[in-house]
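Report on one structure; see the data block that follows.
The values are calculated or read from the model by the stated rules, or taken from the named source; none is laboratory data. Just so we're clear, the structure is a prediction, and the values are computed from it rather than from any experiment. Virtual Cβ from ideal backbone geometry, glycine too; neighbours counted across all protein chains shown.
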Amino acid sequence: MSGSYWNKCKSILKEKIQPHNFESWIEPIDFISYKNNQLELSVPSSFFVEWINEHYKESIVNIYQELSGAKTALSIIVSENGNSEKPKEKVHPDSSPAIAIKQIKEKTNLNEKYNFDSFVVGKSNEFCHASAKAVAGKLADAYNPLFIYGGVGLGKTHLMQAIGNAVLEKNPNLSVLYLSSEKFVNDLINSIQRGSMSYFRKKYRNLDLLLIDDIQFIAGKERTQEEFFHTFNTLFEMKKQIVMSSDKFPKDITNMEERLRSRFSWGLISDIQPPELEIKIAIVKKLISQNGFDVDDEVATFLARKVKSNIRELEGCVARVMAYASLTRKTSDKIIGMELAKETLKGIYDDTAKSMDIKQVQKAVCDFYSLKNSDLRSKSRLKSVTMPRHVAMFLCREFTNTSLPEIGQAFGGRDHTTVMHAVSKIKDELEVNTQLYNEINQIKKVLDI
Amino acid sequence: MVTMQLKFPFPSARNDSFENFLVDGRNGETVKFCKSFAEGEISGVRSLVLYGQRGAGKTHLLIAMSSMIREKSGEESVFYVSGKDIREKVATSKTYEELKEHLGKYEGAVFLAVDDLDEVEGNQEAEDQVFHLYNAVTQSGGWFAVAVTEPPTAWKFSSWLATRLLWGLALPLNPVGDEQKAAVLKRVAVGMGLTLPDNVANWLITRLPRDSASQMEALETIDRHSLSAGRKVSIPLAREALGITGDEA
């Protein structure tokens, strides 16, 4: 009888409140008991308790009193573990671990190739890599949520999926889901249309680890933001891990509700920077060797320089070289030569290395440090001049095709060993000096490299 | 010839295949890559960009790849959509939900071909939708191919879209030379038992649309007209058969 009161109560509420509020707040409530005029309900999180108490408690109590004819008291509890009926992925006892994990990964949208071992670490991404590993090592501990931000094609998705794969390797019974924010939007739209919001909420609010890529795409989508807000709160309060990625820093995402933006910053914000040349070369060599081919330093450097600052494009670039090598049989000895590399990339990339000249670099450096071009060529040994001069020489060496003597000549007729010294000094400094690292990145942005 | 049974209709119910695509030294390598891509022989590559001028045969190759993938996989979810369609759906949909109703069907595709991608360039919302489609298709194990006029160096797509397009193969497609087209037309005509004089072959390739499907169709029309009229193939007969008026010969 009392259970049927609850069903009647829900029907009445459905008539009284907005459909999306009903779906959001009433559907997820579970009836526990109604004894001695005491109604007990359970909800997924403590946040939910507050919300129901604030917005719907009075209505629920009034409806119950009308139905039962007796004064009713309401108590709301958080369900055991936040979600006692949580549908865990079961691993069949007869399945081999590898097959079982594979089956789970298919449901999690994770791609096995994205793991920590296949991620090439350098200064530009070591912090992000370390924070991702820390999260994978202990979920929902210090870094919750983990917010990874950085430019396109730098490895955000790789690190997110690596977290998911590492977590599942350790514990295949955990509920892990990786998806793009657009998939979340689509799922929400479909659930609303099919009237299956209750299922939607159970799906997203019962996870141990939610990995959501390109979160900036929910900007401007109010309903999605509302739903994600509650998903976030529920998971967070149940001490479940959330990892998000974006190409923007949280405060720079426009058309995003402030309450969400602020939540994105609750845990750790970890940025991933464009890779240095050395990392790009290492990636090229690794990818080519994985395909059973070999490449010398000159060709690897050529390929690495062709792609400005984007690992995804670098992967595409190597994929094309590999495809050409395999299909055109232009390599008899499994070695990628310069001719093949050049032919493959013709028309696809701007020849930045050639088109960039010393003057452009000098101008960008002078603009950034508020110097005159003549300062760079002068004999001045003031630190305010020597450091920018070294930076300019370093950038010329890295991003133009000019020789050391030519660079020396363009900086007041200096010897090539002076240029070598400057380049080496900046490289060493970049290892320890974060400010310089950021300054050089800003100049590179101006130069579009 | 491959019978197209695509879930989403391709333009003009064309029967474009690799077999009826004109190949010469200018486009041979690209055609070979497209075929290998459709046969799943290029490991680790899930997307392909074809770039080249109008009439080079980009649509033909997109359709040829679609047919091959459909045949090999036995899957129905092989789709073709033009950039113009996407742009128009973005412009006319009143809500995001409505837009997703139109475009959501492509997300589970085994193969999605997006033609005339130039049409979405500079339209942020439309570019975002192509980006989402790319992710949805490739992340669920499907293949994605686009055709665009400009080479990557001239693209003005948003970085997140461009970088995904450049994750896979990017292939230039040059139109075959007129001499090759004429020679191939003559060879095909021989196969049909039709004698095609040089002047008619040259007339056809310079007067008709440059895509090979149109030219093959014209040849079949001329053949039927020649048989029914009991006359040898000549420029006047070809003009009659194709309904081309004016002193163009």
Of all residues in segment A:305-338, which are modelled with pLDDT under 85, hydroxyl-bearing (Ser, Thr, Tyr) and surrounded by fewer than 22 Cβ atoms within 10 Å (Cβ to Cβ)?
A:Ser326, A:Thr328, A:Thr331, A:Ser332
Of the residues that make up segment B:183-196, is at least one more than 14 Å from chain A (Cβ to nearest Cβ), in contact (Cβ under 8 Å) with a residue 60 or more places away in the chain, surrounded by 14 or more Cβ atoms within 10 Å (Cβ to Cβ) and within 24 Å of the chain's Cα centre (by Cα)?
yes
For the list (1) touching a helix residue (DSSP H, G or I) at 6+ places or on another chain (Cβ under 9 Å); (2) without any contact (Cβ under 8 Å) to a residue 24 or more places away in the chain; (3) within 23 Å of A:Ile281 (Cβ to Cβ), I need the number of the one condition that A:Lys445 fails.
(1)
Name every residue in segment A:413-426 that is loosely packed, with under 15 Cβ neighbours inside 10 Å and either out of contact with any Ser or Thr (no Cβ under 8 Å at 6 or more places or on another chain) or assigned to a loop (DSSP other than H, G, I, E, B) (or both), in order of residue number.
A:Gly413, A:Asp415, A:Thr417, A:His421, A:Ser424
Identify all residues within segment A:224-248 that are within 14 Å of chain B (Cβ to nearest Cβ), charged (D, E, K, R) and under 18 Å from the mean Cα position of the chain (by Cα); write none if there are none.
A:Asp247, A:Lys248
Note on A:Lys113: of the conditions (1) more than 14 Å from chain B (Cβ to nearest Cβ); (2) at pLDDT below 90, unmet is (1)
Out of the residues in segment B:100-111 that are part of a helix (DSSP H, G or I) and surrounded by fewer than 20 Cβ atoms within 10 Å (Cβ to Cβ), state the one that is nearest to the other protein chains (Cβ to nearest Cβ).
B:Gly104
I'm trying to understand the selection: among the residues of segment B:70-97, which are among the small types (Gly, Ala, Ser) and within 19 Å of A:Asn190 (Cα to Cα)?
B:Ser93
Testing B:Ser47 on (1) surrounded by fewer than 19 Cβ atoms within 10 Å (Cβ to Cβ); (2) closer than 20 Å to B:Arg164 by Cβ; (3) of a type in the set (S, T, N, Q), one condition comes back false. Which one is that?
(1)
Which ones in segment A:309-323 are within 9 Å of chain B (Cβ to nearest Cβ) and of a type in the set (Gly, Ala, Ser)?
A:Gly316, A:Ala319, A:Ala323
Can you tell me which condition A:Lys156 does not meet? The list is (1) farther than 28 Å from A:Lys280 by Cβ; (2) within 13 Å of chain B (Cβ to nearest Cβ), and all the others hold.
(1)
By residue number, the members of segment A:110-127 that are over 16 Å from A:Val284 (Cβ atoms) and among the aromatic types (Phe, Trp, Tyr) are A:Tyr114, A:Phe116, A:Phe127
Identify the residue in segment A:200-211 that is in contact (Cβ under 8 Å) with a residue 40 or more places away in the chain and outside any helix (DSSP H, G or I) and, among all such residues, is farthest from A:Ile26 (Cα to Cα).
A:Leu211
Enumeration of residues in segment A:290-304 that are surrounded by fewer than 21 Cβ atoms within 10 Å (Cβ to Cβ) and either within 26 Å of the chain's Cα centre (by Cα) or within 14 Å of chain B (Cβ to nearest Cβ) (or both):
A:Gln290, A:Asn291, A:Gly292, A:Phe293
Against the definition (without any contact (Cβ under 8 Å) to a residue 60 or more places away in the chain and touching a Leu at 6+ places or on another chain (Cβ under 9 Å)), how does A:Thr254 come out, yes or no?
no
Among the residues of segment B:112-131 satisfying the criterion of being in a helix (DSSP H, G or I) and touching a Phe, Trp or Tyr at 6+ places or on another chain (Cβ under 9 Å), which is nearest to B:Leu62 (Cα to Cα)?
B:Leu117
Is it the case that some residue within segment A:269-285 is of a type in the set (D, E, K, R) and within 14 Å of chain B (Cβ to nearest Cβ)?
no
Can you report the number of residues in segment B:41-62 which are more than 14 Å from chain A (Cβ to nearest Cβ) and in contact with a strand residue (DSSP E or B) (Cβ under 7 Å, 6 or more places away or on another chain)?
4
Given (1) part of a helix (DSSP H, G or I); (2) within 11 Å of chain B (Cβ to nearest Cβ); (3) of a type outside the set (Asp, Glu), index of the condition A:Leu179 fails
(1)
Suppose we filter B:Thr149, B:Thr206 for residues that are surrounded by fewer than 14 Cβ atoms within 10 Å (Cβ to Cβ) and either within 23 Å of the chain's Cα centre (by Cα) or of a type in the set (Asp, Glu) (or both); which single one remains?
B:Thr206
Go through the residues of segment B:112-124 one by one and say whether even a single one is crowded, with 20+ Cβ neighbours inside 10 Å, at pLDDT 90 or above, more than 23 Å from B:Gly55 (Cβ to Cβ) and more than 12 Å from chain A (Cβ to nearest Cβ).
yes
If I ask for residues that are surrounded by fewer than 20 Cβ atoms within 10 Å (Cβ to Cβ), of a type outside the set (Val, Ile, Thr) and at the interface with another protein chain (Cβ under 7 Å from one of its Cβ atoms), which ones from segment B:152-176 would you list?
B:Ser159, B:Pro172
Selection from segment B:225-241 of residues that are among the hydrophobic types (A, V, I, L, M, F, W, C) and farther than 13 Å from B:Pro197 by Cα
B:Leu227, B:Ala229, B:Ala241
Could you check, for segment A:212-223, whether at least one of its residues is within 14 Å of chain B (Cβ to nearest Cβ), acidic (Asp, Glu), surrounded by fewer than 23 Cβ atoms within 10 Å (Cβ to Cβ) and part of a helix (DSSP H, G or I)?
yes
With (1) under 21 Å from the mean Cα position of the chain (by Cα); (2) modelled with pLDDT of 95 or more as the list, and B:Tyr106 as the residue in question, which single condition is left unmet?
(2)
Output for segment A:254-272, where each listed residue is surrounded by fewer than 21 Cβ atoms within 10 Å (Cβ to Cβ), assigned to a loop (DSSP other than H, G, I, E, B) and touching a Phe, Trp or Tyr at 6+ places or on another chain (Cβ under 8 Å):
A:Glu257, A:Ser265, A:Trp266
